[in-house]
1. Suppose every Lys and Arg Cβ carries +1 and every Asp and Glu Cβ carries -1, with no other charges. What dipole size does region 328-445 come out with about its Cα centre, to the nearest 20 debye?
2. Determine the gain in length on full extension of the stretch H73-E415; use 0.36 nm per residue of separation and subtract their C-alpha separation, reporting nm with one decimal.
3. On full extension of the chain, what length is gained from K194 through S268, given 0.36 nm per residue of separation minus the C-alpha to C-alpha distance?
4. Using the Cα centre of the chain as origin and beta-carbon charges of +1 (Lys, Arg) and -1 (Asp, Glu), tell me which of A347, I150, N256 is placed farthest towards the positive end of the dipole.
5. For the pair R296/M341, report the inter-label distance in nm, with labels modelled 7 Å from Cα in the Cβ direction.
6. Can you give the helix-only mean residue ellipticity at 222 nm for the chain, where every DSSP H stretch with n ≥ 4 adds -39500 (n - 2.57) and the sum goes over all residues, rounded to the nearest 500 deg cm²/dmol?
7. Calculate, in whole percent, how much of the Cα-Cα pair population of region 251-341 lies beyond 15 Å.
8. Between the helical axis of 422-444 and the dominant principal axis of the chain, each derived from Cα atoms, what acute angle in degrees is found, rounded to the nearest 10?
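The values are calculated or read from the model by the stated rules, or taken from the named source; none is laboratory data. None of these values were measured; they are calculated from a predicted model. Using ideal geometry, Cβ is built from the backbone for each residue, glycine included, and neighbour counts are taken over all protein chains shown. To get the accessible areas, we keep the full protein, side chains included, count just its heavy atoms, and leave off ligands, DNA and RNA. Shrake-Rupley method; radii C 1.70, N 1.55, O 1.52, S 1.80 Å.
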Amino acid sequence: MDQMDLFAEEKPVMQPLASRLRPETLDEFVGQTHLLGPGKILRQIIERDEISSMIFWGPPGVGKTTLARIIAHTTKAEFIDFSAVTSGIKEIKEVMSKADMSRRMGVRTVLFVDEIHRFNKAQQDAFLPYVEKGSIILIGATTENPSFEINGALLSRCRVFVLHQLDESEMIELLERALRHPNGFGYQKVEISKEQLGVIARFANGDARTALGTLEMAVLNGELTPEKVIVTDEILLQVTNRKSLLYDKSGEEHYNLISALHKSMRNSDPDAALYYLMRMLEGGEEPLYIARRLIRFASEDVGMADPSALPLAVSVYQACHFNGMPECDVNLAEAVVYLSMAPKSNALYKGVMHARKDIKDKPAEPVPLQIRNAPTKLMADLHYGEGYQYAHDTEEKLTKMHCLPDSLAGTRYYEPTDQGREKSVKERLEAILAWKSAKDEEDKA
């Protein structure tokens, strides 16, 4: 690494690690392979310099601004960096006026707007005529849902690319690159284990800036020897300040804890369920992962015994999405306690498993003719829909018509229990089945 003048005006080495390592080419970029892998659409657009107006939507630290910088290095168009935090309508109009003049001279202008969701409606509307007539190619970056934060007229003229959180393997790849790169720690020997890099990756929770910042703090505070810098577990715990991050989100303890949470709720033990919930959250588990598991539990283990459980679990998922950690911990706690105390039924789950087994083990049976649609004369001639009975035409709102294929006639997939509100469902289903059975007997008589 070149020796640097300590008295120079700019000291690149003093820039944060994430800034020093910002990729300048697609080959250096880590993550987003669904957009930037070989042959993927966004990679082709950038490499061919066929940029059109677009929105990059994703959580912090996944590469939205970095992609804009790569486009700036790649495109032959004039590239203007614009911040929604510091700019108003006056600045927008000044930039638009210059872009309009450049267009008349045959020069394209790519305008990158970071945090575009911070612009209000009037500010966003100021872009619209210039996007429409091609004076600018707009690239916006946002952490918020564009459907809610970007004006419909402007959004309709932009292609939205969704950027995902980096997974653990991508984060470790990023950290290892930082240890090798001359702009990172490639000029010195750093002793840090793969397991410790995994701890940093999990702590960062998909945010590359956080991961690199944490690595930098760990190395700068490492134990110095004449030969190397040693990052110890104690140092790593200090810079993360979360001892329980040693919990491995992809290892055995991850599955042990989610299993313990499920089984505690299933056994109607809210205290144990809360304990395991907090074990996972304090260990750095992704709240939305837990929320997804609660949604599954609401149908699999509560089901029709309390149909309110599913919408509540979905609402809690949305609350976690809006609030994030640490605020969403109490939202998850509400769902966990509710599901623990709700009456339990696995009748839906058993019905799904039974139907799935029949579909797998038995040949695909044709849909009975009486419940097929007959939108054409040919289909009517083939007896499609013949014998169909419209339930609403009867006083009981029921008919004796059978809907399962003949080979499965009489099969019961859903067998409700006596738990909670499912008891009334069971009583109604039994009454329906008894009514149909009586009608069948009348036909035989």
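1. Charge dipole of region 328-445: 320 debye, to the nearest 20.
2. Stretched out fully, the H73 to E415 stretch lengthens by 116.8 nm.
3. 22.7 nm
4. I150
5. With each label placed 7 Å out from Cα toward Cβ, I get 2.6 nm.
6. Taken over the chain, the calculation gives -14500 deg cm²/dmol.
7. Of all Cα-Cα pairs in region 251-341, 52 percent lie more than 15 Å apart.
8. 40
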